[in-house]
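The values are calculated or read from the model by the stated rules, or taken from the named source; none is laboratory data. Values in this document were obtained by computation on a predicted structure and should not be read as measured data. For neighbour counting, all protein chains shown are included, and Cβ atoms are generated from backbone atoms with ideal geometry for every residue, glycine included.
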Amino acid sequence: MNLKELKEMITLMNENNLTELELEREGLKIRLRRGADQTISPDVYIERGGAHEISSGYTRQPQIKEEAFLPKAPEKSGIEIKAPMVGTFYQSPSPEASPFVEVGSDVEIGQVVCIIEAMKLMNEIKSEVKGKVKEIAVENADPVEFGQVLFRIETA
């Protein structure tokens, strides 16, 4: 199993909206699972072993599992501002207006950082922390789910 095959499996999951995919081939077992946060986490096991005699006279196949770790994405630091509802994310109050915040902007507690439209209602989302916008995790006019990360704020 190489990295290209693993990427193809992830693409297959994304294209078919699968939550779990398991493949076993030549003693290599790979299970990909999509979590609630829509990330895919791999469980990779290499199984080795032959027949093993037990005192009761039964023969069994021992399974020695060695967990193989794939390179992980670096942990993202900062305080997350998450979507409190399902809706459509907007960075500004109108299409011609400038965004509420941009990467590098300073934010204050209670400052509006975006709008989420839900059922034709415009809901202002306010920052609960003071700091600097490190990342905007959603594109303008994208649909968002409850609990989805919208911003990462670096606190001082």
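Answer yes or no as to whether residue 153 is touching a residue at least 60 places away in the same chain (Cβ under 8 Å), over 10 Å from residue 88 (Cα atoms) and outside any loop (DSSP other than H, G, I, E, B). Answer is yes for this residue.
Table: residues versus (1) closer than 20 Å to residue 20 by Cα; (2) among the charged types (D, E, K, R); (3) at pLDDT 95 or above.
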| position | (1), (2), (3) |
| --- | --- |
| 45 | yes, no, no |
| 49 | no, no, no |
| 53 | no, yes, no |
| 68 | yes, no, no |
| 93 | no, no, no |
| 99 | no, no, yes |
| 112 | no, no, yes |
| 118 | no, no, no |
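On the stretch given as region 1-26, residues that are more than 16 Å from the chain's Cα centre (by Cα), surrounded by 10 or more Cβ atoms within 10 Å (Cβ to Cβ) and in a loop (DSSP other than H, G, I, E, B) total 1. Scanning region 91-110 for residues that are touching a residue at least 24 places away in the same chain (Cβ under 8 Å), among the charged types (D, E, K, R) and farther than 24 Å from residue 143 by Cβ returns a single hit, 106.
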